[in-house]
Amino acid sequence: MPYDASCGPTNDAARTMTTLLCDVKSGVATIALNRPESRNALNLAMCEELRAAAERAAADPEVKLVVIRASGSVFCAGADLKERQGMSEAQVRERRMQAFAAYAAIEALPMPAIAVVEGPVVGSGCEIAAACDFIVATPAASFRVPEAIRGTVGATQRLPRILGKRLAKDLLFTGRTLSAEEALRHGLVARLVEPAMLEAALAEIMKTITGAPAQALRLAKRCVDRGVELDPKGALETEIAAIEEQLAAGEWMGKR
């Protein structure tokens, strides 16, 4: 069943948003794309609000996990092409830069971040989901990046790092749809869950992550994200530095 926004966030932060619903409960910050009437297409307001929501979660000491999902049956239909009509060159450039800032803010979250995908993901939606640490999806999920065949450039950086450059080029050059099953085989999706079991699976993931030492998870995330960009020696030094940081704080193996 697609995420029901009416059952979700009700706090003050959520009410000030026009394109998102945001909530923090039991250490989990949920950010829901909330333009179902536009298939959650990414407009300028959503770019700005996504960045702000991610930055707010990053700064909240109570947040141990961020979950990004969507209201309605479509995760995100890509950029809002209706908004783009009539935009000047400068406005298009600014809109793209705001989108990049939103993706970067999600990717920079110090705590684990999960995308929950229950329907089609197109273009900018792939960037949002790929900026998270992993994706939990139902069989209704699908992934498509038609930017190049529409005459623009986008989704050229994260997907090749996740899928490999050849499959990423196939998707970019042909605009074909990657099914949830194929996305699972190639590592874009970490877990494929039947709709009836989704909320139970998410609850178990949330319980595990929020019950673990928050600093250890943050350090593990930092080591992975930095380590894959380094040579093996530099990557090991990153992990050793994290261990030293834990030891200095008296937090090794949860000891204080």
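The values are calculated or read from the model by the stated rules, or taken from the named source; none is laboratory data. Because the structure is predicted, anything quoted here is derived from the model rather than measured. As a convention, Cβ positions derive from the backbone with ideal geometry for all residues, glycine included, and neighbour counts pool all protein chains shown. Accessible surface areas use protein heavy atoms only, side chains included; no ligands, DNA or RNA. Shrake-Rupley method; radii C 1.70, N 1.55, O 1.52, S 1.80 Å.
Would you call Ala148 farther than 30 Å from Lys25 by Cβ, touching a residue at least 24 places away in the same chain (Cβ under 8 Å) and open to solvent by 20 Å² or more (accessible area, probe 1.4 Å)? Spelling it out, Ala148 is indeed farther than 30 Å from Lys25 by Cβ, touching a residue at least 24 places away in the same chain (Cβ under 8 Å) and open to solvent by 20 Å² or more (accessible area, probe 1.4 Å). When the stretch 36-66 is filtered for residues that are out of contact with any helix residue (DSSP H, G or I) (no Cβ under 8 Å at 6 or more places or on another chain) and among the charged types (D, E, K, R), the ones remaining, listed by number, are Glu37, Arg39, Glu49, Asp60, Glu62. Exactly one residue among Ala137, Ala105, Ala115 is open to solvent by 10 Å² or more (accessible area, probe 1.4 Å), touching a helix residue (DSSP H, G or I) at 6+ places or on another chain (Cβ under 7 Å) and under 23 Å from Lys221 (Cβ atoms), and that residue is Ala105.
When you check Cys126 against the structure, is it crowded, with 16+ Cβ neighbours inside 10 Å, touching an Asp or Glu at 6+ places or on another chain (Cβ under 9 Å), at pLDDT 95 or above and closer than 22 Å to Asn34 by Cα, yes or no? It is false that Cys126 is crowded, with 16+ Cβ neighbours inside 10 Å, touching an Asp or Glu at 6+ places or on another chain (Cβ under 9 Å), at pLDDT 95 or above and closer than 22 Å to Asn34 by Cα.
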